[in-house]
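Structure, as structure tokens:
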């Protein structure tokens, strides 16, 4: 077991302790007030709050899907409605009883999950856009409501279902039940969203492409999230109907879906707390205001929404946080231990073919960007890809890392043909791609970015924010050399350009790749940074026996570190040879300077 | 403008309330100030205000004044739950008297039951809504449909009908009954088509109608927009068959102008009823509201009578005790603009129905009247 | 006389990375300045910063003595500062005619300008209704240049116009530009990989390296060697 | 059969007229304007006011367009302009604006359903059948809208600048096109079109504060499927609108009401660029 190295402020432990204390106290307060409140509140307020609690649960699910995963969804109302009708229909058809109740809950869960899975499959696929997902989420409640309307006496059509016998609880206990469920859901949501998994979801929202190239099947994650939130929303609906004793189409309507979004937007997206604040606020306020001034109320809501979107996109909670920022202790100050892991022992002598490319072409209609590109590269080779703008270098990189890109030819990574596989699958053959413009997760800390990068090797925890950061030695060395190790707790967006590049490299290396694709990694780096970068690359090939394919304009840099150079010109390989062959070739000078090769002998 | 008128009325209530010393009997009126019913709601509120004013002027009920609490139910379930909660548990009203959508009414029933508050429902509806707390003094299909169908059968020699409705409980409920009744009376239904409640393009349905060779149409759409769009598009498509409309009220007909001409309606109230009570009522309404007057109609008049029915029941019961009042409600009879009304048929009321024809100027001419049409078995006692 | 263009201590970049560091130079009226240096050295970024597509972090840009550092690009164009980008310089789906129309600020005087174009590059005016995307690489370059010239700019910024052109076209381009300059007196900044072309039309050159000017001198017989030294692989 | 064909074409015409405004906005700024429905309503009320003032239809339509355009211009400068980088938030903000406009209309005109008499009434004898004259007129209207705006887009300097901005904003700016102004004008025109369509449908429908809403989803879907050009919009309107009529006629109108939404979603799933040629 290699020793663990510790970074970040010590004494963080004590902060943890006090935080733990704060949370326990808070929890006790919440539970206590929920249990006692109904004794103080009048029946009216109690009833209002009970409904508000159930609605708030639905709002939380919207916050998770939209605030955390970045899909603006109008559809959660549909799942809420499914819960409502599951109860209403079953109690109406079979009467009230314990087995009916269980059947109801089961139906609510299964129906919601099924619809959600279907919706998810429709909304999320490699290359789907957030806008498209919103469109689908818009269609779901509309279709559902239409079904309810035409459902005759079975669904009660527009009048909904009423008069079925339901759980006979005292209002006070309904309040406690609803309140505690809300508290529970909120707590679980907060825990998960702050856990390593939660970070992953934020990563999806911030940079789906990067996640895909880290071997994460983003669509799958999004679908899972949708199904889980759908189930929760459906259960909320179940409770709502159980208390209200009514099922109405508007419980499932697109209007209600929009109302949920507005609640989250006003309260503050991506905070869970915001969803609760928004939901309770709007529900209670509307109960007291809308009765007496119906139109003005809608007007207020509309104006408030516009104002919040324009002025504070993070909603009330977000605004509040900005105000109190000064007073609160500096955020995320947990200790993080970097711990090197045993990398899958790379065969000492074996020198397998890492990249194999046969007759690869890429055409847009008649125009062909790549044509008949063919080469192979071995482990511990550093192969540079040079050529003027528009020669097709980046296109070639894309064709190597995404099976769906090339229009012709064969590509194998680490001996596996990549067929038509999406990047996240190709990555699992041992490929790591670093983009030209540093592609990281701006909103996450350095440590979180690295942890997300490990996702497909080490499934992230649902509950914990682990303080151990297990990375392959290669990644650790980059982190340490670049000085990132001193700033693990910092948000990536604050890093310098150079450090961002280093971070992305470290993230890619965390995949333990055998093949590394680098697209102009030194663009915009300082001289010193470039040197550091060169050293890292050389040791990666020498020590970790990686095969590196480097796209680079800076020929000085290329000459310095390459073991071999491929010159790409107008989509074809113009030259493939050792550094000296290429550097002294007339052809290259011509391509680069448009100059006839007359002066080439004058070269030293 | 709705909400202003409404706030004014509150102020007014406060005034009359303080006029009499004893603590008032509170009447809750949950109604669709916003949403689908918001067009007709103001007229309902107005007639409630008149009834309360008249009663208070005569010394109230058992010496106690009446006070109105109006709340917006948004014409839907969610809004209704809030409105009923507010009235029953916050305002602690003694009774609910209101005209609402079926969705709103249904949403209210559980709350009414929990609050053990009598509820007089004053809107015509598709029928079969039963709760020990619920009384209905407006018509149900059994009362409204036969006049039109019988008239078309006899006078128009119609036998092939085409039914068009909005896809919601009332629309489907009414047409289901109509279909059964037509077939019972030897007619045929060639088509029965529905459009979503918010649908406004009836083209394909109208084309089907024209292709069907029907010789009469009966429609039951949602009030307001769908009703109007359907009528306009029927006219635009040159449909001039006998046209019975189960959902149009006098006011809408008036504002629709020429397009509404020759529509047949069947109602328990039309302004043209030639009775002393009705004339007095209209005069009082005109005097009280002047320019702001919303045309009294088949939805607002029952509200007015509902208040009187409650007054009678309280006086019979000798107090506002819910159970006693509920018992009394089925026994008291009230004389109003629609004649004498007694909710003694399974908490529903036999009514005099009027078959009217909309004239070119939008007024409704009464063609025939059918007295004391029985609501039939709406809530047969469970055996 | 005031300089056509005066760039003073200009710094700029993308996000957090600085690609133009403290650059200063002058371009006097009807002067042609060649900016040379290898790819990825920030030459294009320099032009973008001058035009305002990249925000100026520090420093100033003066056009005919007027400070235009913060002026949005479309207004600079209206002052007569015209940019010929290296990539995506054409509206592929528009006709040649429409591409040319966009060269002028209004359709007034388009026809006369068109005749001019006809003299420079007859091939274009023969195929006005054709989609620009259907032209060959060389013809597209001509179109781009023609579109810039027909507006008779005061200052013209050319980014790699010779890229991918066969020698004959390069020569054609160079004497069109030279003649044009004589007629109109336009000042130009020419970014080039193609040294002979650049030095052929330029009075002065700048060598650009990692966002900085490392050498600047008038074009003379030794210019090529000196630049070689900087460009040497 | 012929009736169904006419139903399909006239329905497509209506859908096209109503969606075109949304499309123009989406095409240029990639923003979904959820206030579109509200602008349709505004147009209808403009027509109502015009009719009350006994203006002839040749004046009512321009009035509606102008009103809508004015609202649009105001919206772009105060709200949309700040949200170009946050398209999803733009959806929300414009949705909020929609409710605001709806409520303001309610406060001014009240909830009542109102009416505008049709300039063309009754039926026309057309290809051997009696058919609603006004709906047939709508076909003409749709063609005029299409022609005028295609002309505007392809024939005028403004159109040229607009297309330039759509294709390559940076290059356009470099050529002196003020893209901010182009966006403003486009949004105004789009909103104007919405209002115009509102005025055009009033004779077929009622005028009430929410009249625009039922059209929004269909319009939105059609725009998504058409992917940004008036031509493809016409195609999508014909295909999906036609499908709607067919389903309404042979299955039932309720399913018909869902046809557009569902088909659009499926089409986009299979072919993300919709009917636009890639």
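So how far apart, in nm, are the two label points at residue A:428 and residue C:214 if each is 7 Å from Cα heading toward Cβ?
Taking the simple label geometry, residue A:428 and residue C:214 are separated by 4.7 nm.
Can you give me the angle between helix C:110-120 and the longest principal axis of chain C, using Cα atoms only, in degrees from 0 to 90, rounded to the nearest 10?
70 degrees
Based on alpha-carbon centroids, what's the gap between region B:289-338 and region B:54-111 in Å, whole number please?
Region B:289-338 and region B:54-111 have Cα centres spaced 13 Å from each other.
Just to confirm the number: angle between the C-alpha axis of helix B:169-184 and the first principal axis of chain B, 0 to 90 degrees, nearest 10?
50 degrees
Percent of alpha carbon pairs in the protein assembly as shown separated by more than 67 Å?
For the protein assembly as shown, the fraction of Cα-Cα distances above 67 Å is 21 percent.
Shielding of B:187-197 by partners, i.e. mean partner chain Cβ atoms within 10 Å per residue?
Average neighbour count from other chains, rounded to a whole number: 3.
If you count, for each residue, the other Cβ atoms within 10 Å and average over each peptide, how do B:185-198, B:296-309, D:233-246, D:186-199 line up from highest to lowest?
In decreasing order of mean packing, B:185-198, B:296-309, D:233-246, D:186-199 become D:186-199, B:296-309, D:233-246, B:185-198.
Mean separation of Cα pairs under 8 Å and 6+ residues apart, divided by the residue count of region D:2-270: what relative contact order is that in percent?
38 percent
Under 10 Å, Cα contacts only: if you run a Gaussian network model on chain B, which one of B:144, B:323, B:46 comes out with the highest mean-square fluctuation?
Comparing B:144, B:323, B:46 in a Gaussian network model of chain B, the most mobile one is B:323.
Classify region B:16-174: rounded, prolate or oblate, from the alpha-carbon gyration tensor (a ≥ b ≥ c, eigenvalue square roots; a/c under 1.5 rounded; otherwise prolate if a/b is larger than b/c)?
The shape class here is prolate.
Output the relative contact order of chain A, whole-number percent, from Cα pairs under 8 angstrom with separation of 6+ residues.
Averaging sequence separation for qualifying contacts and normalising by length gives 18 percent for chain A.
Considering region D:2-270, what Rg and Dmax in Å follow from its alpha-carbon atoms?
Rg then Dmax for region D:2-270, in Å: 18.2, 58.
Please compute the average number of Cβ atoms from other chains found within 10 Å of each residue's Cβ in peptide B:34-44.
3
Which distance in nm do the two modelled labels at residue C:229 and residue B:212 give, with both placed 7 Å along the Cα-to-Cβ direction?
Distance between label points: 9.7 nm.
How far is helix A:12-40 tilted, in degrees, relative to the longest principal axis of the Cα atoms in chain A, given as a value from 0 to 90 rounded to the nearest 10?
Taking the Cα atoms of chain A, the angle to A:12-40 is about 20 degrees.
Give the average, rounded to an integer, of partner chain Cβ atoms located within 10 angstrom of each Cβ in D:193-204.
1
What's the center-to-center distance, using Cα atoms, between region B:343-383 and region A:61-131 in Å?
Distance between centres, Cα-based: 44 Å.
Rounded if a/c is under 1.5, else prolate if a/b is larger than b/c, else oblate: which is region D:1-131, with a ≥ b ≥ c the root eigenvalues of its Cα gyration tensor?
oblate
What does the helix-only formula give at 222 nm for chain C: each DSSP H stretch with n ≥ 4 adding -39500 (n - 2.57), the total divided by the residues, and the result rounded to the nearest 500 deg cm²/dmol?
Calculated mean residue ellipticity at 222 nm is -10500 deg cm²/dmol.
Per residue, how much space in cubic angstrom lies within the convex hull of the C-alpha atoms of chain B?
128 Å³
If a/c stays under 1.5 just call it rounded; otherwise compare a/b with b/c (prolate if a/b is bigger, oblate if not). Do that for region A:41-324, with a ≥ b ≥ c from the square roots of the Cα gyration tensor eigenvalues.
Here region A:41-324 falls in the oblate category.
May I ask for the equivalent-ellipsoid semi-axes of region C:1-151, computed as the square root of five times each C-alpha gyration tensor eigenvalue and listed largest first in whole Å?
Values for region C:1-151, descending: 31, 18, 14 Å.
Using Cα-Cα distances under 8 Å and only pairs 6 or more residues apart, what relative contact order does region A:451-593 have, in percent?
18 percent
Whole percent per 5 Å bin, from 0 to the bin with the longest distance: what is P(r) over all C-alpha pairs of region C:90-152?
4, 22, 36, 26, 11, 1
Under a crude label model (7 Å from the Cα following the beta-carbon direction), how far is residue A:496 from residue C:8 in nanometres?
2.9 nm
Of all beta bridges DSSP finds with both residues in the protein assembly as shown, what is the antiparallel percent, to the nearest 5?
50 percent
Kindly rank D:76-87, D:125-136 from highest to lowest mean number of other beta carbons found within 10 Å of each residue.
Result, highest mean Cβ count within 10 Å first: D:125-136, D:76-87.
Stick to the Cα atoms of chain A, pair each with every other, and give me the Kirkwood hydrodynamic radius in Å at one decimal.
One over the average 1/r among Cα pairs gives 27.2 Å for chain A.
Mind jotting down the distance between the C-alpha centroids of region D:4-80 and region A:478-545, whole Å?
Between the Cα centre of region A:478-545 and that of region D:4-80, the gap is 54 Å.
May I ask you to work out the translational diffusion coefficient for region A:353-602 at 10 °C, viscosity 1.306 mPa s, via Stokes-Einstein with Rh from the Kirkwood sum over Cα pairs, reported in whole µm²/s?
Stokes-Einstein gives a translational diffusion coefficient of 84 µm²/s.
Can you tell me the order of C:89-101, C:123-135 when each peptide is scored by its average per-residue count of other Cβ atoms within 10 angstrom, highest first?
Those peptides, ordered most packed to least, come out C:89-101, C:123-135.
Determine, from the Cβ-Cβ distance of residue A:310 and residue B:377 and an R0 of 60 Å, the FRET efficiency 1/(1 + (r/R0)^6), rounded to the nearest 0.05.
Result of the calculation: an efficiency of 0.50.
Using only the alpha-carbon atoms of region A:437-530 as identical scatterers, what base-10 log of I(q)/I(0) does the Debye formula give at q = 0.11, 0.12, 0.22, 0.25 Å⁻¹?
At q = 0.11, 0.12, 0.22, 0.25 Å⁻¹ the computed log10 ratios are -0.29, -0.35, -1.18, -1.49.
Once the Cβ-Cβ distance between residue C:123 and residue D:213 is put in as r, and R0 is 51 Å, what FRET efficiency do you end up with, to the nearest 0.05?
0.40
On full extension of the chain, what length is gained from residue A:364 through residue A:539, given 0.36 nm per residue of separation minus the C-alpha to C-alpha distance?
59.1 nm
Rule-based calculations on the coordinates, nothing more; no lab input. Note that the coordinates shown come from a computational prediction; the quantities given were computed from them, not determined experimentally. Every residue, glycine as well, gets a Cβ built from its backbone with ideal geometry; the counts of neighbours run over all protein chains shown.
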